[in-house]
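Just below is one structure, and these are the notes that go with it.
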Number of protein chains: 2
Amino acid sequence: MAYELYYWDGIQGRGEFVRLALEEARADYIDVARSGHGMQKMLDYMRGRHGHDHMPFAPPFLRDGDIVVSHVANILHYLGPKLDLVPRDEKSRVFAHGLQLTITDFVAEAHDTHHPISTDDYYEDQKDEAKARSKTFLKHRVPKFMGYFNRIIEANPKRIGHAVGDSLSYVDLSLFQLAEGLAYAFPRAMGNFEKDYPQVAKVRDMVRQRPNIEAYLTSKRRLAFNESGIFRHYPELDQDPA
Amino acid sequence: MAYELYYWDGIQGRGEFVRLALEEARADYIDVARSGHGMQKMLDYMRGRHGHDHMPFAPPFLRDGDIVVSHVANILHYLGPKLDLVPRDEKSRVFAHGLQLTITDFVAEAHDTHHPISTDDYYEDQKDEAKARSKTFLKHRVPKFMGYFNRIIEANPKRIGHAVGDSLSYVDLSLFQLAEGLAYAFPRAMGNFEKDYPQVAKVRDMVRQRPNIEAYLTSKRRLAFNESGIFRHYPELDQDPA
């Protein structure tokens, strides 16, 4: 039976981290909210129409038969062994999940660069605060997180060029998405990305060239980055590289 | 062998969600950073002295023999079955983990009420923005998250009074900590908590009366809430109930 992915239509957003894993594995899946009556179906879950343990707080969530899995990191932890996108031993799975949760935290901070005060208000209503938050995000947070991921890849004793184990994992796919998102949102500030984070850049390039990913990125299924998603390009929030 | 918990000394913070689980189960554990040379030991991990998969981004992390587990939700997912704090079937574990990740998101938002612009600057330098963020947090985000948890407890077909399954889980313990933290940080705004979120309040009271938790809360091991942690009481950020 096909996996059912539930996520807002029109944006890459958090759903994209799951899509990349499903696409790389050529898994059979339905992007429910982008098909007929899909939004209604998604909201039915969130409103509790399918009961207690099928009532996620927010998309993305994944239905696999009788199981509903919510939150990106939980979904990837669940799918990892099924899609052969994580080593199967417990130690590696726990490690990969920790890395993915660090990615989760970074994604939330990237979102808050344009919504530092309230997700219930427009960007235009918190523009000054967004400038201040973007400045410290680019100065302190990007180097802290990206420097960490760069060190993790470099320290991998199994094979440099991967975050976990000796082959592609969902963590590599997510790092690709982070690098792409940062380049879209902050093209000026990311001018030295390859020099500053060479290992992350190599993982990004390696992922981009995977045949299934390449086919996905040029398909209609891949939505473009835009100003409704997590990574938004507002020139006034960008700045010269540090 | 005792579990080793690594977390900053002096605050409850994110480490507290793990401590509550270990204490409820009377597990054998060492709170490393609060013992001799503990901070040095903790930083050694973060600096990569123990290798690739023993290099967490940030505390809290847990060492169990050869495995290092980072991030609260990952730790509780790992400990849950070992401490008998989650039902053992996959479906329940996946569901509980999704709830815990929703708690994680709420904790990050609670933190950002006092640091909406930069974690690298003082609260005093972002006070006006903190007021704005706290206002929308209390108006929109607390009702959204707490309303959700209240519905989850209410909809539990196994036994109302627990978030997951028919007995105490780590999710219940974490909801207790959220309720306590909110009451500490925003005593005025939480004035109607019992009325607005009766199921969450019942879980909080149930947890507080567990003998092992009661013993812990009155012990020296339980640190007091303070203005270095996640939940901080700044009267100027509090307001009347909605």
Requested in this report: Could you please find all residues in segment A:95-107 being touching a residue at least 40 places away in the same chain (Cβ under 8 Å), surrounded by 24 or more Cβ atoms within 10 Å (Cβ to Cβ) and within 7 Å of chain B (Cβ to nearest Cβ)?
Outcome: A:Phe95
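Filter segment B:194-209 down to residues that are in contact (Cβ under 8 Å) with a residue 24 or more places away in the chain and either outside the structural domain of B:Ile152 (by TED's automatic domain parsing) or not in a loop (DSSP other than H, G, I, E, B) (or both), then give me how many there are. I'd like the intermediate steps shown before the answer.
First pass over segment B:194-209, keeping only residues in contact (Cβ under 8 Å) with a residue 24 or more places away in the chain: B:196-200, B:202-204, B:206-208.
Those left that are additionally either outside the structural domain of B:Ile152 (by TED's automatic domain parsing) or not in a loop (DSSP other than H, G, I, E, B) (or both): B:196, B:198-200, B:202-204, B:206-208.
Of the residues in that region, 10 qualify.
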Report task. Could you tell me whether segment B:80-90 includes any residue that is more than 26 Å from A:His97 (Cβ to Cβ) and not in a helix (DSSP H, G or I)? Result -> no
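Checking the conditions here, which among A:Asp44, A:Asp121 is part of a loop (DSSP other than H, G, I, E, B) and acidic (Asp, Glu)? Write out each step before concluding.
Working: A:Asp44 fails: part of a loop (DSSP other than H, G, I, E, B).
Answer to the check: A:Asp121.
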Query raised in the report: Could you say which residue among B:Ala130, B:Ala108, B:Ala73 is aliphatic (A, V, I, L, M), in a helix (DSSP H, G or I) and not assigned by TED's automatic domain parsing to the domain that holds B:Arg188?
Result: B:Ala73
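Take B:Ile30 and decide whether it is touching a residue at least 24 places away in the same chain (Cβ under 8 Å), assigned to a loop (DSSP other than H, G, I, E, B) and surrounded by fewer than 22 Cβ atoms within 10 Å (Cβ to Cβ).
Working: touching a residue at least 24 places away in the same chain (Cβ under 8 Å): yes; assigned to a loop (DSSP other than H, G, I, E, B): no; surrounded by fewer than 22 Cβ atoms within 10 Å (Cβ to Cβ): yes.
No: the conditions fail for B:Ile30.
Among the small types (Gly, Ala, Ser) and either free of Cβ contacts under 8 Å to residues at least 12 places away in the same chain or closer than 30 Å to A:Asp166 by Cβ (or both), is that true of B:Gly13? Spell out how you get there, then give the answer.
Working: among the small types (Gly, Ala, Ser): yes; either free of Cβ contacts under 8 Å to residues at least 12 places away in the same chain or closer than 30 Å to A:Asp166 by Cβ (or both): no.
For B:Gly13, the condition - among the small types (Gly, Ala, Ser) and either free of Cβ contacts under 8 Å to residues at least 12 places away in the same chain or closer than 30 Å to A:Asp166 by Cβ (or both) - is not met.
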Query - Among the candidates A:Glu227, A:Glu194, A:Glu154, A:Glu180, residue that is loosely packed, with under 14 Cβ neighbours inside 10 Å, at pLDDT 95 or above and among the acidic types (Asp, Glu) - result: A:Glu227
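Considering each of A:Asp196, A:Asp120 in turn, give the residue that is facing chain B (nearest Cβ under 9 Å) and either more than 18 Å from A:Glu236 (Cβ to Cβ) or touching a Leu at 6+ places or on another chain (Cβ under 7 Å) (or both). Don't jump to the end; show me each part of the working.
Working: A:Asp196 fails: facing chain B (nearest Cβ under 9 Å).
One residue alone meets the criteria, A:Asp120.
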Report task. Determine whether segment B:107-116 contains at least one residue that is out of contact with any Asp or Glu (no Cβ under 7 Å at 6 or more places or on another chain) and more than 24 Å from A:Thr104 (Cα to Cα). Result -> no
Report summary line: All conditions in (1) at pLDDT 95 or above; (2) of a type in the set (Lys, Arg); (3) more than 22 Å from A:Arg151 (Cβ to Cβ) are true of B:Arg34 except (1)
Query raised in the report: Given (1) within 14 Å of another protein chain (Cβ to nearest Cβ); (2) free of Cβ contacts under 8 Å to residues at least 60 places away in the same chain; (3) in a loop (DSSP other than H, G, I, E, B); (4) buried (at least 20 other Cβ atoms within 10 Å of the Cβ), where does B:Phe149 come up short, assuming only one miss?
Result: (3)
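Just name the residue that is nearest to A:Glu16 (Cα to Cα) out of those in segment A:157-174 that are among the polar types (S, T, N, Q) and buried (at least 19 other Cβ atoms within 10 Å of the Cβ). So that I can check it myself, show each step before the final result.
The initial filter retains those residues of segment A:157-174 that are among the polar types (S, T, N, Q), namely A:167, A:169, A:174.
With the extra rule that they be buried (at least 19 other Cβ atoms within 10 Å of the Cβ), the set shrinks to A:169, A:174.
Values: A:Ser169: 15, A:Ser174: 9 Å.
Of everything passing the filter in segment A:157-174, A:Ser174 is nearest to A:Glu16 (Cα to Cα).
So how many residues does segment B:210-224 have that are in a loop (DSSP other than H, G, I, E, B) and either among the hydroxyl-bearing types (Ser, Thr, Tyr) or surrounded by fewer than 12 Cβ atoms within 10 Å (Cβ to Cβ) (or both)? Spell out how you get there, then give the answer.
Going residue by residue through segment B:210-224, those that are in a loop (DSSP other than H, G, I, E, B) are B:210, B:218-224.
Narrowing further to those that are either among the hydroxyl-bearing types (Ser, Thr, Tyr) or surrounded by fewer than 12 Cβ atoms within 10 Å (Cβ to Cβ) (or both): B:218-220, B:224.
Qualifying residue count, segment B:210-224: 4.
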Report task. Would you point out the residue of segment B:152-189, among those that are part of a helix (DSSP H, G or I) and without any contact (Cβ under 8 Å) to a residue 24 or more places away in the chain, that is nearest to B:Glu236 (Cα to Cα)? Result -> B:Ala183
Report task. Of all residues in segment B:73-94, count the ones that are in contact with a Gly (Cβ under 8 Å, 6 or more places away or on another chain) and within 12 Å of chain A (Cβ to nearest Cβ). Result -> 4
Query - Of all residues making up segment B:52-94, the number that are under 19 Å from A:Phe106 (Cβ atoms) and surrounded by fewer than 18 Cβ atoms within 10 Å (Cβ to Cβ) - result: 1
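The values are calculated or read from the model by the stated rules, or taken from the named source; none is laboratory data. Note that the structure is predicted; figures quoted are calculated from it, not measured. All Cβ positions, glycine included, derive from the backbone under ideal geometry; neighbour counts span all protein chains shown.
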